[in-house]
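The structure appears below as structure tokens.
Computed from the coordinates by the stated procedures, all read-outs in this text should not be read as laboratory data. Everything numeric in this text was worked out from a predicted model, so none of it was measured. Ideal geometry is used to build each Cβ from the backbone, glycine not excepted, and the neighbour counts take in all protein chains shown.
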Amino acid sequence: MKTENAEPWYRVPFVWLVVVLPLTAVVASFITLALAIRSDTGLVDDDYYKHGMEINRVLDRDRAAAAEGLESRLVLDDAHHELLVHLSARRQQALPANVRLKLMHATRAGFDKIMILPRQADGTYRAPLPEFVPGHWDVQLSAQNWRLVGSLFMPGGHRLDLHPALP
């Protein structure tokens with residue numbers, strides 16, 4: 001027996017509420033699954049102990065630079081198109097034959113540069129002036145057992161004092 005005022009099921013709002021809520025949960029779970037598959041960012045590295053040891057080694061390099069009394073001044077000489085590094089220590093014999101200079105752009109890793117600078121007869125370290133894109137640059141001067149750090153803003157930065165990264 002059919003009643004005159006009975007509506008079809010698809011016109012009843014309660015039916016849509018019952019159907020839409022579980023359907024939304026299913027769609028959201030598939031979106032979450034797709035995001036999880038596309039971005040594999042684990043919280044803990046497999047070699048977390050090795051990374052911890054690397055951090056300690058970096059801190060030891062900063063302590064070694066402070067103990068040696070190492071300080072440096074980086075000069076960007078546009079006139080001679082040259083990069084000069086003046087390195088000083090408490091003991092002059094502690095200065096190495098070569099130093100490693102890392103120029104790291106703060107936001108664009110593709111512009112990072114690593115240079116090996118040989119020691120000159122006058123005691124400075126020199127290299128051709130690299131091309132700098134505008135922005136903030138982190139600078140790291142290092143040898144085998146120490147490192148000095150600083151920040152440079154380009155354009156405009158022509159001198160930078162580098163110090164051990166200790167609090």
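Miscellaneous remarks
- Modelled label reach - residue 78, point 7 Å along Cα→Cβ, segment 125-146 residues with backbone N closer than 20 Å: 127-138
- Exposure proxy ranking for 125, 10, based on other Cβ atoms within 10 angstrom of each Cβ and starting from the fewest, stands as 10, 125.
- Principal axis box of segment 48-162, alpha-carbon based, largest edge first, Å: 43, 36, 19
- Net charge over other residues, Cβ less than 11 angstrom from the Cβ of residue 112 (K, R count +1; D, E count -1): +2
- From least to most packed, judged by other beta carbons within 10 angstrom and beginning with the fewest, 124, 107 follow the order 107, 124.
- Size of charge dipole - segment 60-100 - debye, nearest 20, with Cβ of Lys, Arg +1 and Asp, Glu -1, no other charges: 260
- The residues 139, 99, 18, when put in order of fewest to most other Cβ atoms within 10 Å, stand as 18, 139, 99.
- Relative contact order for segment 48-162: 28 percent, from Cα pairs under 8 Å spaced at least 6 residues apart, divided by residue count.
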